Every structure is written in C-alpha cells, then in structure tokens.
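Visitor: Take a look at this one; I'll ask things after.
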Amino acid sequence: MKKTLVTLCITALLFSSCNETTSKKGPGADPNQEFDVVILNGRVMDPETNFDGIRNVGVKDGKIAIITEAEISGKETINAEGHVVAPGFIDTHQHATDQFSRKVNLRDGLTTQMDFEAGAGDIAKWYAEAEGKTQANYGMVVLATLARATVLDGADIVADANDMGGLFPLVGRAAENAQKKGRKPGWTATLPNKEEMTQIMAYVDEGLRQGALGVGIPVGYMVAGVTQYELYKYQDLASKYGRVSNAHVRFAGVRPPTEGQLGIQEMLANAMILDAPFLASHLNSNMDWEYTIPMVNDAREKRGAKVWGEVYPYAAGSTVASTDIITESGMAQMNITYSDVSNLDGTRWDKAMYDDVRKNDPGSTILIFNNKPEDIAKWMAMPGVVVVSDGMAIIDEKGQYYPWESPFEGKTCHPRSAGTRAKVLRMVREDKNQTLMDAISKMSYLHAKYLGELGGIPQFKTKGRIQEGMDADIVVFDPETVRDNSTYEVGMGAIPSTGIPYVLVNGVTVVKDSEVQKVFPGKPLRFPVEEKGRLDQIEIDPRVFDPNQS
C-alpha cells in the first residue's frame, strides 16, 4: 500500500513538472525559432482559462505560436513590461464601416468589428467592398429594414443605403417620398400583404444564402409596421440557417403595458420556441436592465436557451431624429421629455424643435439622455453580458465620411464611437465595479464563446483568447493609464483612447506606439455561400397581412 502511494506521488510530481514545462515553453513551438512578432514581459491575461501571469508571446503566421517564460526573439519586438496582453476586443454592435471610424476604433483596441443590430442589404456587395480594405476583422448580418424599405418604399430609395452608413439618408428620402404620396414611410409603418411579405423575406433569405452572419431586425424603429407574426418569421428564417437574430427590441421604457422587458420577452420567447440563437441589443437602453439582464441569463444558464445580451458604458443613446422611440407617447413611456433630447451640437430640444427636426431633418443624428449616469457601473458589472459600443459612423455635416488621413480633432459625435473599451478599463481602475479579468472577458472571450457555441460561427472558436494556436488578435494596454478621451463636447467625439499602444490583427501590428499603421490585415467573418436559399422552408400566412382576406 505504501509502495503504491509513493508511486502515485511520484507520478503526480512528474505530471505536475510536465505541465510546468509546458506552460513555460509551450507544447507546439520551438522557442529558439524566429517569430514574426514577439511581445515580451507582458502580463498575459486569458479570460477562458483565467490565466494571469508574466509571459512572452510569440506570433507566427497570424497565430499565437507560443506563450512562455523562455527567451524568444522575432522580426518585430514589442516591450510590454507593465502592460496587459489581452485578446483583441470584439464588437457585435458597431455600425460604422468607413475607414476613418475603423481607424478610431483601433485606437480603442477593437480588432473584430461587426454590426449585428442592423446590418447590410446586399451581403455579397458588402463583403466584396470590404476585402483588402479593412484594418480589423469584419462581419455583417442582413438588415430587415432595408428589405422592408426596398419593397415598401421603392428600390430607388435604398439605392445608396447598403448599411447603417447609408441608412440615415435613407430615412430622409423615405420620409420625403412618403409625404409626396400622402402616407407614412413604408419601412416604418406599413403592414405588408402576403406578396410584399414574401418579397421582404426573399430579400432576407438572399442575404443569408450569401453568408450573412444572421438577421438584424431593428423592430424598435418599426413598431407600427412590423407585426408580431412578421417578427417571428424573421427569427424563423434565421433559425433555418442556425443563425443569430438580433434586434433593437420593440419597446423601451418602464411604464406598462409596453415596458422594455416586454420587447425582450417577445423575441426571447420566439428564440426559445425555435431553439434559435438570439442576441438582445443594448439591454441598458431598455431602462429596466435590472430585470432583463437576469432574465436573459436565466434563459441561457437554466433553460439552455441560445440567448445573450449586451450593454454599453454610457447613459445617453444616439439615434435618428425620426425614430418611433421618441414619439410623444414613447417619451412618456421612458419618463423623459423634449429637453432630454439634443442635437449633436448639444442644443437641447423643446416642443418647437421637436416638431421642426422630426419633420424637416428626419435623418439627422440626435442624443437621448434616458439613463442615470450613476447606474452605468452597475449594469456594466452584471454577469453574462457582453460589452458593445453601438457606435455610429463619424461623419461630417453633409453626411459624408471622413478620409482615413483626417485628424481626430474637430469631429462631433457620440463618444462611444471612439472610447467605449478604454472607458470600461478606466472604470475598472477608478470605480472598481468589476475585476479586470471580467471586463476583458466581456469585451473579448464572451463574444467569441457565444458567437461560436450558440451562434454557430466557427471562426470564433479561435478568437477572444490568449492561448497557443489562437488567432493573433491582441491588444496591449497599460491598466494604470488607459483612458477614454472622447466626449459629448463639440469637436471632441472622435478623440482617440490612450494607454493602448499596440494592437495586432491576425498577427499584423496595426497600432504601433499609439499610431495606426496603414495596413489592412482584417479578414471576413462569413458563412459559406449556399447554392439555394431556405425560404421555402417557412410558410407565410396571407390572412395576417392582407385585410381583404377573412
């Protein structure tokens, strides 16, 4: 018996020693080789394994080849002493797709940028235009709004609006077109008949066939036009492909009977019935986050539902002036009034400005101050959520994109377009509302975990982690100095974050010494194009849409 115990102890010690050797030198790479990039003496933090220790990281052929205590060398060397080496940050709710906005986001550590809440119309065209011209990894869902606008307002209305960058001008054109015809804009308020509904679904189906990551359904902007049945059918179609449905949900506010929680419940119920993935947009903006976040977490953790939710670290939202969210009844639901809305230049509204802007400039960007600043740290610390920005494209007064070389100063926009992730890290340091590991996880690993395991997107199984064999999407930041610098002030919306001196995308250093390099290593995140769509797998009931049928 004693001999057996001794043998077991020796075996255990050998196994432990073996593991220690592995952790120092790495199992799959020779530390004596020359790597493409080496990151030395940094505090490596991996949210999946909770590893937190000083290590050297070697990058080869776009992958993390080694994490070791051994000396290593490479063609390029980054001294990360005193800095954290973390997985590159991921955002599923960044609307901006222009080069300047992406450049600003790289200074904030964003290595994978997608828009799940809205999306694009022509998916094949969108990916083709991004190829070789994108600094971060990129992906897109198909946008139901553009499908509705194409069918109900006319293809000419959406000619230049293939994603959110063109959507605000579309709002203005659709409103003008509707006024000429003496009706409300089709995409927001028209109930389609069976023929129109079939055309809308065919548009969405084509986007999914072309490899879209899911379906974006901003029903909160189409409250009067999208029936519960139509919403269910969007999620039904996405489920036929096993892909994510995401939405700015139908309701926002705290007053019954249409409080924010009801909007979450509507799409959550659909997802659970369909056994389909669902991502609930900016739960903090629905104003009853204390209830909706635990509800979504319980559905996932206790019922096995493929659902998760997101938050961002700002009390104000940004949207388009004509949105259904700020109808007078909508404002009453949220316990806000005209003065809680402002133009980007900070001018607060009154009744006269409300009427003027919504009628004459419906596509303009506005701010809505609908949350308490003191609550930000609370919802950011809630478990299970991912961090997003809901950032918009940084555009000039004429609605045009800025060139890549444009200076950061003098741009007026919501500060979340530039500083989201650095603000989260600063809050960890100043407010101590959550651990640094938790914050990093919510900005990287949890995205990858949910998108890979629940959303079925295979590329995310190698993202959001600092481990050997994973994609070399890496952010290096100083936990003592990292901070956001963008503000709501005029001209200060795109001031880049500081304390994030190095960012790698697929093993290429895109930010070096806090300067964005003009290199474009971003890769597409996309499903394979399929030969045939799956619209024929769902049924559309004509009685729901055509009032002339009994």
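Visitor: Quick one: helix 228-240 against the long Cα principal axis of the chain, what's the angle to the nearest 10°, folded into 0 to 90?
Guide: Helix 228-240 sits at roughly 40 degrees to that axis.
Visitor: Using the Cα centre of the chain as the reference point, and only Cβ charges (+1 on K/R, -1 on D/E), how large is the resulting charge dipole? Debye, rounded to the nearest 20. Could you put the intermediate results ahead of the total?
Guide: Working: 58 positive and 73 negative charges, 179 e Å.
Dipole size: approximately 860 debye.
Visitor: How high is the relative contact order of segment 412-550, in percent, with contacts defined as C-alpha pairs under 8 Å that are six or more residues apart? Can you show the working numbers first?
Guide: Working: 189 pairs, mean separation 32.6, N = 139.
Computed value for segment 412-550: 23 percent relative contact order.
Visitor: While we're here: Anything over 28 Å Cα to Cα? Flag those among K442/K523; K359/K398; K398/K463; K103/K125, in the order listed.
Guide: Numbers: K442/K523 22 Å; K359/K398 18 Å; K398/K463 37 Å; K103/K125 22 Å.
Beyond 28 Å between Cα atoms: K398/K463.
Visitor: Ok, one more. Relative to the present Cα-Cα distance, how much length would full extension add between D298 and Y229 at 0.36 nm per residue of separation?
Guide: 22.3 nm
Visitor: Something else: In segment 400-447, which trypsin sites (Lys or Arg not before Pro) fall in coil by DSSP and have 11 or fewer other Cβ atoms within 10 Å?
Guide: On the way: sites: K411, R416, R421, K423, R426, R429, K432, K442; in loops: K432.
Here the trypsin sites (Lys or Arg not before Pro) that fit, given the DSSP loop and packing criteria, are K432.
Visitor: Given the peptides 519-529, 288-298, arrange them by the average over their residues of other C-beta atoms within 10 Å, most packed first.
Guide: Numbers: 519-529: 17.0, 288-298: 18.6.
Going from most to least packed, we get 288-298, 519-529.
Visitor: Same structure, new question: With the contact rule set at Cα under 8 Å and sequence spacing of 6 or more, what percent relative contact order holds for the chain? Let's see the in-between values first.
Guide: Values: 1294 pairs, mean separation 112.4, N = 550.
Answer for the chain is 20 percent.
Visitor: Per-residue HN-Hα couplings for segment 113-124, Karplus 6.51 cos²θ - 1.76 cosθ + 1.60 at θ = phi - 60°, whole Hz, x for Gly and Pro?
Guide: Once θ is set to phi - 60°, the couplings for segment 113-124 become 10, 9, 10, 8, 6, 9, x, 10, x, 8, 5, 4 Hz.
Visitor: So which trypsin sites (Lys or Arg not before Pro) in segment 181-275 pass both tests, a DSSP loop state and at most 13 other Cβ atoms within 10 Å of the Cβ? Mind dumping the intermediate values first?
Guide: Numbers: sites: K181, R183, K194, R209, K233, K240, R243, R250; in loops: R183, R243, R250.
Hits after loop and neighbour filter: R183.
Visitor: If you don't mind, another one. Helix-only estimate, please: 222 nm mean residue ellipticity of the chain, summing -39500 (n - 2.57) across DSSP H runs of length 4 or more and dividing by its residues, to the nearest 500.
Guide: Details: 16 runs with 180 residues, N = 550.
Counting only the DSSP helices, I get -10000 deg cm²/dmol.
Visitor: Pulled fully out, how much extra length does the chain show between T49 and K351, if you take 0.36 nm times their separation in residues and subtract their Cα-Cα distance? If you can, show how the numbers build up before the last one.
Guide: Values: separation 302, 0.36 × 302 = 108.72 nm, distance 5.38 nm.
Fully extending the segment from T49 to K351 adds 103.3 nm.
Visitor: Then there's this: Work out, step by step, the length gained on full extension between I273 and K512: first 0.36 nm times the residue separation, then minus their alpha carbon distance; give nm to one decimal. Could you put the intermediate results ahead of the total?
Guide: Working: separation 239, 0.36 × 239 = 86.04 nm, distance 4.78 nm.
Between I273 and K512, full extension yields 81.3 nm more.
Visitor: Within 10 Å of each residue's Cβ, count the other Cβ atoms and sort E259, E531 from fewest upward. Show your work: numbers first, answer last.
Guide: Numbers: E259 21, E531 5.
Least crowded to most crowded, the residues run E531, E259.
Visitor: Shifting gears a bit: Among M470, A439, Y127, which residue has its Cα furthest toward the positive end of the charge dipole of the chain, with +1 on Lys/Arg Cβ and -1 on Asp/Glu Cβ?
Guide: The residue sitting most towards the positive pole is M470.
Visitor: List the GluC sites (Glu not before Pro) within segment 73-151 that fall in a DSSP loop (any state other than H, G, I, E or B) and whose Cβ has at most 11 other Cβ atoms within 10 Å. Don't jump to the answer; show the numbers that get you there.
Guide: Numbers: sites: E76, E81, E117, E129, E131; in loops: E81, E131.
Filter output for segment 73-151: E81.
Visitor: Any chance you could get the radius of gyration and Dmax over the Cα atoms of segment 383-496, in Å?
Guide: 16.3, 47
Visitor: Sort the following peptides by mean Cβ neighbour count (other Cβ atoms within 10 Å, averaged over residues), highest first: 394-400, 36-42, 502-508. Before the final figure, lay out the partial values.
Guide: Values: 394-400: 14.0, 36-42: 21.9, 502-508: 24.3.
Result, highest mean Cβ count within 10 Å first: 502-508, 36-42, 394-400.
Visitor: Defining a contact as two alpha carbons under 8 Å apart and six or more residues distant in sequence, what relative contact order in percent does segment 50-148 show?
Guide: Working: 109 pairs, mean separation 20.3, N = 99.
Relative contact order comes out at 20 percent.
Visitor: While we're looking at this one, here's another question. Can you bin every Cα-Cα distance in the chain into 20 Å intervals starting at zero and give me the percent of pairs per bin, rounded to whole numbers?
Guide: 22, 54, 20, 3, 0
Visitor: A further question follows. Counting only Cα, what are the radius of gyration and maximum Cα-Cα distance Dmax of segment 23-126, in Å?
Guide: 16.9, 50
Visitor: Counting only DSSP beta bridges with both residues in the chain, what percent are antiparallel, rounded to the nearest 5?
Guide: Just about 55 percent of them are antiparallel.
Visitor: Still on this structure: What list of ³J(HN,Hα) couplings, whole Hz, do you get for segment 220-226 from phi and the Karplus terms 6.51, -1.76, 1.60, once you set θ to phi - 60° and write x for glycine and proline?
Guide: Result, rounded to whole Hz: x, 9, 9, 4, 7, x, 9.
Visitor: With θ set to phi - 60° and the Karplus curve 6.51 cos²θ - 1.76 cosθ + 1.60, what are the ³J(HN,Hα) couplings of segment 301-307 in order, to the nearest whole Hz, using x for Gly and Pro?
Guide: Going residue by residue, I get 7, 9, 10, x, 5, 8, 10 Hz, with x marking Gly and Pro.
Every number here is computed from the coordinates shown, using simple stated rules; none is lab data. Since we're looking at a predicted model, the values are computed, not measured. Backbone-built Cβ (ideal geometry, glycine too); neighbour counts: all protein chains shown.
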